[in-house]
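The values are calculated or read from the model by the stated rules, or taken from the named source; none is laboratory data. Quantities reported herein were computed from a predicted structural model and do not represent experimental measurements. Here the Cβ is made from the backbone with ideal geometry for all residues, glycine too, and neighbour counts use every protein chain on show.
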Amino acid sequence: MSDFEVQPATAAPGMSQMQRVISMFSAPSKTFEEIKAGKTSWWMPWLIMAIFGYLFFAVVVTKVTMQTVVDNQMHLASEAQQEQLAKAPPEQREMGIKIQLYITEGIFIAGPVFVLLIDAIVSLVLWGTINFVFGGKAKFGTVFAMWFFANLPTNLKTLLGIIVIYISNTPETFNIRNFAPTNVGAFLPVMETNHAVYALATSLDAVSIWCMVLMGIGLATVAGVKRSSGYIAVFGWWAIVVLIGVGAALVQG
């Protein structure tokens, strides 16, 4: 072979799963470009979410107790719900509390499965939106993987929630639906605040917005469209969900 022959360029090795995870906090576009190229393995971010979720579950069980979690939620329920519970016979009330306790524990235990289900539903909606509304060419598998990586910042919120539980040491004020001070609602008195206002304030969450920005970038990348299209798709659906939540809170009073 002549010394002057040009050797074919070898493709640069792709990032490992852990490198893609780390890249989400420094250069997320690199991770999304790899996903677009067909590297759609998502088990690492899913496993990280599962680990943090079970750590949070363990802290809640040991420092707060599941019974306190349920009692606090009943205390924060709407007046109509509390009145309905108060009118119920003692046996029915006790059974209702037990069922609520089992449901709460079950959600924690089956958390990783619920995450997969949520990802599948959200990915299907975003896949359809970006392709049929914005002319994208995303595959469902790339959107599915993108969602997991884009939601990695939620683990920071879970970690903050764990820290708050240890620092506050006031289980009687623990709110499982808003366990970390990352949104406006966390700084409002729950019982004195209008339900609709509280629902809106809770939706203005820094970590959630961070994740949606990443989803907008990721969705646009894997679909091959402008970033503005990704942002509109993601934040458009978020606005719809928020309006539904606020509307439901208005109905509850």
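Assess whether Val6 counts as being outside any helix (DSSP H, G or I) and at pLDDT below 95. It would help to see each step written out before you state the result.
Numbers: outside any helix (DSSP H, G or I): yes; at pLDDT below 95: yes.
Here the answer is yes, as Val6 does meet what is asked.
Please indicate, with yes or no, whether at least one residue in the range 231-246 is modelled with pLDDT of 95 or more and touching a Phe, Trp or Tyr at 6+ places or on another chain (Cβ under 8 Å). Yes, because at least one residue in the range 231-246 is modelled with pLDDT of 95 or more and touching a Phe, Trp or Tyr at 6+ places or on another chain (Cβ under 8 Å). Looking only at helices (runs of 4 or more DSSP H) that fall completely inside the range 117-227, which ones have 3 or more residues that are within 30 Å of Lys63 (Cβ to Cβ)? Where helices (runs of 4 or more DSSP H) fall fully within the range 117-227 and carry at least 3 residues being within 30 Å of Lys63 (Cβ to Cβ), they are 154-168, 195-203, 206-223.
When the residues of the range 88-127 are filtered to those that are of a type in the set (Phe, Trp, Tyr) and surrounded by 13 or more Cβ atoms within 10 Å (Cβ to Cβ), which remaining residue is farthest from Phe144 (Cα to Cα)? Quick ask: steps written out before the conclusion?
First, the residues of the range 88-127 that are of a type in the set (Phe, Trp, Tyr): 102, 108, 114, 127.
Filter once more, so that each one left must be surrounded by 13 or more Cβ atoms within 10 Å (Cβ to Cβ): 108, 114, 127.
Details: Phe108: 22, Phe114: 14, Trp127: 9 Å.
Selected residue: Phe108.
Looking at the range 12-80, the helices (runs of 4 or more DSSP H) lying wholly inside it that each contain 3 or more residues that are within 27 Å of Ser168 (Cα to Cα) sit at 43-59, 66-75.
If you go through the range 179-216 one residue at a time, how many are crowded, with 17+ Cβ neighbours inside 10 Å, among the hydrophobic types (A, V, I, L, M, F, W, C) and either touching a helix residue (DSSP H, G or I) at 6+ places or on another chain (Cβ under 6 Å) or over 25 Å from Phe149 (Cβ atoms) (or both)?
Pass one, the range 179-216, residues crowded, with 17+ Cβ neighbours inside 10 Å: 179-180, 182-183, 185, 190, 195-196, 198-203, 205, 207-208, 210-216.
In the following step, the residues that additionally are among the hydrophobic types (A, V, I, L, M, F, W, C) were identified as 179-180, 190, 196, 199-201, 207, 210-215.
Keeping just the survivors that are either touching a helix residue (DSSP H, G or I) at 6+ places or on another chain (Cβ under 6 Å) or over 25 Å from Phe149 (Cβ atoms) (or both) gives 179-180, 190, 196, 199-201, 207, 211-212, 214-215.
Qualifying residue count for the region: 12.
Scanning the range 21-30 for residues that are surrounded by 17 or more Cβ atoms within 10 Å (Cβ to Cβ) and either farther than 15 Å from Met215 by Cα or touching a Gly at 6+ places or on another chain (Cβ under 8 Å) (or both) gives a single hit, Pro28. Against the conditions (1) farther than 30 Å from Gln17 by Cβ; (2) without any contact (Cβ under 8 Å) to a residue 12 or more places away in the chain; (3) out of contact with any Gly (no Cβ under 9 Å at 6 or more places or on another chain), Ile209 satisfies every one except (1).
Looking for something surrounded by 18 or more Cβ atoms within 10 Å (Cβ to Cβ) and of a type in the set (Gly, Ala, Ser) - is there at least one such residue anywhere in the range 128-140? So far as the range 128-140 goes, yes, one or more of its residues are surrounded by 18 or more Cβ atoms within 10 Å (Cβ to Cβ) and of a type in the set (Gly, Ala, Ser).
Tell me whether the range 157-171 contains one or more residues that are closer than 16 Å to Thr40 by Cβ, among the aliphatic types (A, V, I, L, M) and in contact (Cβ under 8 Å) with a residue 12 or more places away in the chain. Looking for residues that are closer than 16 Å to Thr40 by Cβ, among the aliphatic types (A, V, I, L, M) and in contact (Cβ under 8 Å) with a residue 12 or more places away in the chain, one finds none in the range 157-171, hence no. Could you say whether any residue in the range 112-132 is more than 19 Å from Ser41 (Cβ to Cβ) and acidic (Asp, Glu)? No, the range 112-132 contains no residue that is more than 19 Å from Ser41 (Cβ to Cβ) and acidic (Asp, Glu).
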